[in-house]
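Readers should treat all values here as calculations from the given coordinates under stated rules, not as data from a laboratory. As the structure is a computational prediction, the values presented were derived from the model and not from experiment.
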């Protein structure tokens, strides 16, 4: 593939759903996002990510689509979101993920799908079965978490148990603390790992964010409380105790840290950088 051809393919994969929606071409938009070949090409193209494909489905809100079309695209979008952590590692799993999560919605139709919706899902799965690709397993019974359950997305990256999670006040980021001695900062919207905060020598037991969302406080089994800058990922301060820290919190003033340790002591610490 020459550079010009590659550029055109990339432009098509990244721009077509948007342009079709903006031009009010519902049929082209809908058919593209229910076509297995487009889904496969987009997540396999170098430099494009699953999240970009997931976001393509948001444009349906701008079109005068039927409730059935909206529901079908929503099911496919939710399936891709549920499978994103797998597809980011191995995009050849697309066929298996679609089959395992959407199989329950094909004929005989089950609520909340109508007959027409069921046929569109069934066509997509048939295309996934027939399109030449890498060797894969296609479940013939619904075996994965389907897209109509409370589970929205899965984040993977820690190498041990996650002990604490917190969301920034603006709702943009999630911070997790783990027994792998790290904190990880994730985008709540995309699920993308933004930063890994390292420097602890033991389990991170507790994580809390300051009211302004600029710092994160961590309580650690190595008897320390650490303050981190969420914008730079740098450790700003470390406080030491005589016992392992099991929990911590930040007062509404944004500068007073309260931490509890395994020795039965509650510490009040002043974060002077706040």
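Assorted remarks:
- Intensity falloff of the stretch 197-274 expressed as log10 I(q)/I(0), Debye formula with alpha-carbon point scatterers, at q = 0.16, 0.19 Å⁻¹: -0.48, -0.69
- Between the Cα long axis of helix 67-87 and the first principal axis of the chain there is an angle of about 50°, rounded to the nearest 10.
- Annotation: the stretch 3-130 has a Kirkwood hydrodynamic radius of 14.9 angstrom, from the mean reciprocal C-alpha pair distance.
- Relative contact order, percent, the chain [alpha-carbon distance under 8 Å, six or more residues apart]: 10 percent
- For the chain, the longest principal axis of the C-alpha atoms and the axis of helix 3-22 are separated by about 90°.
- Between helix 115-130 and the chain: long-axis angle, C-alpha atoms, 0 to 90°, nearest 10: 90 degrees
- Size descriptor, Kirkwood hydrodynamic radius, that averages inverse alpha-carbon separations across the chain, Å: 21.3 Å
- Within a Gaussian network of the chain (alpha carbon springs, distance under 10 Å), most fluctuating of 130, 37, 74: 130
- Evaluated at q = 0.16 Å⁻¹: base-10 log I(q)/I(0), Debye formula over Cα of the stretch 51-98: -0.46
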